[in-house]
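To start, the structure itself, in structure tokens.
The values are calculated or read from the model by the stated rules, or taken from the named source; none is laboratory data. All figures in this text were calculated on a predicted structure; none of them were measured in a lab. Positions of Cβ are backbone-derived with ideal geometry, glycine not excepted, and every protein chain shown enters the neighbour counts. Just so you know, the surface numbers come from the protein's heavy atoms only, side chains and all, with ligands and any DNA or RNA stripped out. Shrake-Rupley method; radii C 1.70, N 1.55, O 1.52, S 1.80 Å.
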Amino acid sequence: MSKKLIIVESPAKEKTIEKYLGKDFKVLATYGHVRDLISKDGAVDPADGFSMTYQIIDRNKKHVDAIEKALKKADALYLATDPDREGEAISWHLYELLKERNALNGKSVHRVVFHEITKNAVREAIENPRDLDFNLINAQQTRRALDHLVGFNLSPLLWKKIRPKLSAGRVQSPALRLIVEREKEIDAFIPQEYWTIAAALYKDQQDFTARLTEYNGEKIEQFSITNEQQAGDADAALTTAANGQLTVLTVDKKERKRNPAPPFTTSTLQQDASRKLGFGAQRTMRAAQKLYEGLDIGDGQVGLITYMRTDSVTLANEAIDGLRATIADKYGKDQVPEQVRVFKTKSKNAQEAHEAIRPTNAQVLPEQLEGKVEDDQLRLYRLIWQRTMACQMVHAIYDTLAVDLVAETSEGPVGRFRANGSVLVQPGFLAVYHEGHETAADDQDRLLPPLAEGDVLALKEIVSDQHFTEPKPRYSEASLVKELEEYGIGRPSTYANIISTLQRREYVEIDRRRFFPTDIGKIVSDFLTNHFEQYVDYLFTANMEDDLDAISRGEKKWVPLLESFWSPFKTRVMEKEETVSRAEALKKRVLGTDPESGRELSVRMGRYGPFAQIGTREEEEKPKFAGLRKGQSLDTIGVEEALELFKLPRDLGETPEGEALSVNIGRFGPYVRYDNKFVSLKKEDDPYTIEYERALELVRDKKEYDANRLIRDFPDVGIQILNGRWGPYITDKEKNARVPKDTDPKTLTLEECQTLLAEAPVRGRRKKAAAKKTGEKKAAAKKKSKKKKARKKKAGKKKAAKKKPAPDQGDD
């Protein structure tokens, strides 16, 4: 048995690593996590020192089985999962599963880590194995326990007080709060008027402008001139004083240096890919994952970038040497700075990822990948390659010019103006890369004609422009990731997941690449902010992340952290369950009164979405309800819009066959009703404006569909033979029976149909039977688990080793 078995997370790495290590090594993948907390309350037991109960992840059981089988032919196991907390935890979980199966007897087990999938990096890792890092494992398991405790206690409270299927999360909820609070700032913003004044000048056939900086001896600020009257008075006074010309007072020439940005971290990569490529965080990480795992670019698979989940900006010395050599070859030796540029990582947790995101080989140019990799991968690689090259190049140099001009009378100066110009004289790193936040205007030269003190310039006109202040913009993916990073909310591996969770829960929508909170997102955020403010507080969340980082460095114990969190949190949940009413949580908004009935008109959130209501439940007459339309908001809808909703159902008359025809909105959307049958409206149809002819067209189409669907009808006994999605079937509305193969459904007799129906299960029974079977399996597994726990309890320490995050670390 000379085989060595290496375990990675992704199957995409298998061939690449096997190629680097040779025939004595076999590489298999876990396909992600192999074990997780059981998906129900009680998976984390605070009463038992926060012991945790795990189960194997069903979809990956076959991969664990394959690893166990391959291990029988190997004498050594190398755990080579990703170099972060999650990767360390995956290795530990697999180790525990294999140990339970007695698959590790007589095998040596090693943990190996590499930050790039290159021959040298992989071989060096194999030659320098280490033990599992239980500090990292404890940190990951503590995070998982916190997320479980928050989710399984807050989410049911949201279901009870607001509506089912909502969720709250330790990190997602503060992120949602950021988006909601920005929206509130925008709603509350009151624009302020201000005016700017500039001089349009001309010299040597060149037009340029100078802005007013001083008027009547006072410095001009943003709100110095706030209305048209003031602007007009200043315009007239300056025009008179200038008398068609301005005089140059001073000319200030300077040289400005601009240094390159550091190489990419996960956060800055996501931000720049969003701004420059239009990529969402998930799309960026998918492409980066492929570039890291390895792609075939002609000589077999090779990893093209280093590990993409990192908050480090440092570069390995070997990598810097390669960058400087490539810069000298491609751009010239004068573009390589004398001193190596060293960037300092702000993160306290630099041990988790030792390098920034960079190409594994700087000599692999982006153009060499054209036609060999997918478009997203090429574009992202080009961005990473350019940023990394730029960070080790010489600075850019600008010549800047600041010119002060004056309009004056015999009594003295009336107005002072400033004209600014700049010229890029040495592009340096800008020849390769421009940061994503720059606008086109920032990149362009702003030229001024040759000017000297005492020059008298021709004034074309004084220009006054009206402006209004604007609120801060809504978050884009780039700006949200930046804000999360600045607050310390989440970590590089979680940003993309935070954003996708908010969208999946329908707490936010994206329009024109900006986040808009939905009504339900606002209500959930307000509920959590009002009643669980400490737990959605930005500083609290950031401090918790710092504590997890401290655990990963071995500076803190995990149990005391969970204890300090759990007791007050559980108390708060129980208190709010008793003291907060559903009506309070849903935040009814009274709009006014219904002019016809004089009853209260209000809007609120319901179990199936936002709705308007006429009347209250306390009144003898039942309230009337109407759902809000798409695009309407609880916060902004007015009385007239709300009253319009109650115009449904609309009576459209009768069909030619004499069936009553009406239109309404139901639980599953807008529909036309004809007699006692229904047909859904299409996306382009509006129930408030649809006309008779269009409704009739939908009814005709539905009747034609139903006619084609009906094969045979036995109306006396209520049995039909229908065409279904999966082929013809017989139904009596209680049971469905498939038509046997090779049987023409048109030839079936009533007696044959009745026989087939008698043998068929009642509709829904198959699902119930399957559910029952699953329930029986779970019950058996639970019973087996209890027996197993009882055996382990006798063993004492063994039980603790199985259930605590780290077998022999962190217990006080």
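For this structure, a couple of remarks:
- Whichever residue in the range 593-610 is hydroxyl-bearing (Ser, Thr, Tyr) and either touching a Lys or Arg at 6+ places or on another chain (Cβ under 6 Å) or modelled with pLDDT under 85 (or both) and, among such residues, is farthest from ARG163 (Cα to Cα): SER602
- Scanning the range 110-145 for residues that are outside any helix (DSSP H, G or I), within 20 Å of TYR31 (Cα to Cα) and open to solvent by 40 Å² or more (accessible area, probe 1.4 Å) returns HIS110, VAL113.
- Residues of the range 596-627 satisfying the condition of being touching a residue at least 40 places away in the same chain (Cβ under 8 Å) and either over 16 Å from ASP519 (Cα atoms) or touching a Pro at 6+ places or on another chain (Cβ under 9 Å) (or both): LEU601, ARG607
- So SER552, is it of a type in the set (S, T, N, Q), modelled with pLDDT under 95 and more than 26 Å from the chain's Cα centre (by Cα): no
- The single residue among LEU21, LEU71, LEU28 that is over 36 Å from the mean Cα position of the chain (by Cα) and within 27 Å of LYS290 (Cβ to Cβ) turns out to be LEU21.
- Selection status of ILE197, touching a strand residue (DSSP E or B) at 6+ places or on another chain (Cβ under 6 Å), open to solvent by less than 30 Å² (accessible area, probe 1.4 Å) and not charged (D, E, K, R): yes
- Hey, GLU214 under 24 Å from PRO449 (Cα atoms) and either under 47 Å from the mean Cα position of the chain (by Cα) or open to solvent by 50 Å² or more (accessible area, probe 1.4 Å) (or both) or not: yes
- Any hit, the range 499-513, residues being of a type in the set (Ser, Thr, Tyr) and without any contact (Cβ under 8 Å) to a residue 60 or more places away in the chain: no
- Matching residues in the range 37-54 - criterion: being closer than 15 Å to HIS93 by Cβ and free of Cβ contacts under 8 Å to residues at least 24 places away in the same chain: ILE38
- The range 559-582, residues that are hydrophobic (A, V, I, L, M, F, W, C) and part of a loop (DSSP other than H, G, I, E, B): VAL580
- Answer residue from the range 294-320, given it is among the charged types (D, E, K, R) and over 13 Å from PRO359 (Cα atoms) and is nearest to the chain's Cα centre (by Cα) among those: ARG309
- Contacts under 7 angstrom Cβ, first residue in the range 363-383 being in contact (Cβ under 8 Å) with a residue 60 or more places away in the chain and open to solvent by 10 Å² or more (accessible area, probe 1.4 Å), partner assigned to a loop (DSSP other than H, G, I, E, B) and of a type outside the set (D, E, K, R), 6 or more apart: VAL364/LEU304; LYS372/ILE297; LYS372/GLY298; VAL373/ILE297
- The set of residues in the range 28-46 being out of contact with any Pro (no Cβ under 7 Å at 6 or more places or on another chain), of a type in the set (A, V, I, L, M, F, W, C) and open to solvent by less than 20 Å² (accessible area, probe 1.4 Å) consists of VAL34, LEU37, ALA43, VAL44.
- Residue selected from the range 462-498 under the condition β-branched (Val, Ile, Thr) and over 12 Å from the mean Cα position of the chain (by Cα), by the criterion surrounded by the most Cβ atoms within 10 Å (Cβ to Cβ): ILE489
- Exactly one residue out of THR541, THR529 is crowded, with 17+ Cβ neighbours inside 10 Å, assigned to a helix (DSSP H, G or I) and touching a Pro at 6+ places or on another chain (Cβ under 7 Å): that is THR541.
- The set of residues in the range 10-27 being under 18 Å from ILE90 (Cβ atoms) and open to solvent by less than 30 Å² (accessible area, probe 1.4 Å) consists of SER10, ALA12, LYS13, ILE17, VAL27.
- Among the residues of the range 388-411, those that are under 43 Å from the mean Cα position of the chain (by Cα) and open to solvent by less than 20 Å² (accessible area, probe 1.4 Å) comprise THR388, MET389, ALA390, CYS391, GLN392, MET393, ALA396, ILE397, TYR398.
- Residue count for the range 673-709, restricted to those that are acidic (Asp, Glu), surrounded by fewer than 15 Cβ atoms within 10 Å (Cβ to Cβ) and closer than 18 Å to LYS630 by Cβ: 2.
Here is a yes/no grid of residues against (1) at pLDDT 95 or above; (2) under 18 Å from THR118 (Cα atoms); (3) in a loop (DSSP other than H, G, I, E, B):
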site	(1), (2), (3)
ALA319	no, yes, no
GLN339	no, no, yes
VAL342	no, no, yes
LYS348	no, no, yes
GLU355	no, yes, yes
GLN363	no, yes, yes
LYS372	no, no, yes
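- Of all the listed residues (PRO471, PRO492), the sole one being more than 19 Å from ALA139 (Cα to Cα) and not aliphatic (A, V, I, L, M) is PRO471.
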